[in-house]
Structures are given as C-alpha cells and as structure tokens.
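None of the figures in this text is laboratory data; all of them are computed from the coordinates on show. Predicted, not measured: the structure shown is a model, and the values here were computed from it. A quick note on method: Cβ atoms are made from the backbone with ideal geometry, for glycine too, and the neighbour counts reach across all protein chains shown.
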Amino acid sequence: MGIAREGWSYVLTLLGAACVFLALHFHGTSGTLAVLGLFCAFFFRDPERVTPDGPNLVISPADGKIVGIQEPPDGPLGAGSTQVSIFLSIFDVHVNRTPISGRIESIHYHEGAFLPAFDDKASLRNEQNSIVVRDGDRRIAFKQIAGLIARRIVFRKQVNDPVVRGERVGLIKFGSRVDVFFPPGSRLRVKRGDRVQAGASILGEMP
C-alpha cells in the first residue's frame, strides 16, 4: 500500500526526529515521535481501488460514513439538486477521487471556520474547496471541507483538466468531510449511515 506524497514530509520528519532522540538516549520522546510517524504513515495511506464501470455512475470521492442526504439550500448545481455528505474520521483514508469522468469546469476555494466536520454548518462555514466536473451536458459537484483539526486542503487539478472516474485528485489533512451534489433526476444508491470507499463505492446514478 502506498502513501500519498503529501504525507511523506510528516512521516520522514517524525521518524528522523525519533532516531535523533534515540541516539541522545531520550527513549520516551523517541518512542512518542516514532508512534506519531507511524500514525502519519497510516493516515496518509493510499490504497489501490477497483472503480465500477458504467456511463451514469457516480462514485464516492471519499472514504467515510454517509451523515446526511438533503436538498441543499444553496448548492452549486442549483435548485432540485441533492447533497450527500460523507464524514471522514482520522482513521479513514483521506485521499479524494473524482466521482465521474469529464473535465474540471470550476474550482472555488473558500477560507473559513473549523467547525467539527460532522456539524451541518460545516458545509457553509468551514474552509472548503468546491469543484464541478462536467461530462457533456451533465455535471457533478463535490466539496472538500476541512474539519476541526484539518488546516489544509489539497487539490491537484486545474480548471479544464481532464479526469477519469476514480482518479486521485487531492486530499484533506486530519479529519474532514466531503459533500457531493447530484443534479435533479439522479437516483441515489446509498442511505444515511452507510460506509463508502473513495473510487469504489457507487453513490448513485445521474439521469
């Protein structure tokens, strides 16, 4: 299993510091740093996934638990859209993947607060990155939303970049949430409380 490239600086710094303190015979400090380094390796893990094939399928962009399904008051796809919210604990894989194939139509980053990611207000008030992917005349949007601990959202693509369903596109560091927005007429395949995997779980189908 690989490690996301954004995680290597944390892992190597902590394990390097653990070695230095071990050489200085500060065994307690060394052990603590080594444990933190191993946890970072675990947190930034980046497993391979098999992505289902199908022209209308929308795949989960994140690992985690479905904590909400609702019509958003002001979603990026307008009236009649459906919002599916996925909460990521610190034990989930935090690498994000694109839910459909197409091109990146827009990216909007918004600085904000750091409410707990499971709080419904996090979708409106927290630091977030909103992405719209267009496939012909159909669009899917998703938001990377920082949580209580997270302070950095990573997105590797730019506007007009092509993407393939299930492709890695970024991550959110240390606890977060991802909201996915379906256009009117879509059919969901998940319910509140379900657990999903990025790049592997089917959230629904576009019309």
Per DSSP loop assignment and a cutoff of at most 15 other beta carbons within 10 Å, the chain keeps its longest run without exposed trypsin sites (Lys or Arg not before Pro) at 1-120
Helix 8-23: inclination vs the chain longest Cα principal axis, degrees, rounded to 10, gives 10 degrees
Connecting every pair of Cα atoms under 10 Å apart in the chain and solving the GNM, the largest mean-square fluctuation among SER101, SER30, SER186 falls on SER30
Listed by chain and number, the aspartates and glutamates with an alpha carbon less than 12 angstrom from that of LYS65, same-chain partners under 8 positions apart left out, are ASP92, ASP179, ASP194
Square roots of five times the C-alpha gyration tensor eigenvalues of the stretch 2-46, ordered largest first and given in whole Å, equal 22, 9, 5
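Ignoring GluC sites (Glu not before Pro) that are buried or in helix or strand per DSSP, and keeping those with at most 10 other beta carbon atoms within 10 Å, what is the longest stretch of the chain between them?
With a cap of 10 other Cβ atoms within 10 Å, the longest stretch comes to 112-207.
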Here the relative contact order (percent) of the chain, from C-alpha pairs under 8 Å and at least 6 apart, is 26 percent
Which of (i) 16.4; (ii) 11.6; (iii) 15.1 is the computed mean projected area of the Cα convex hull in nm²? It is (ii)
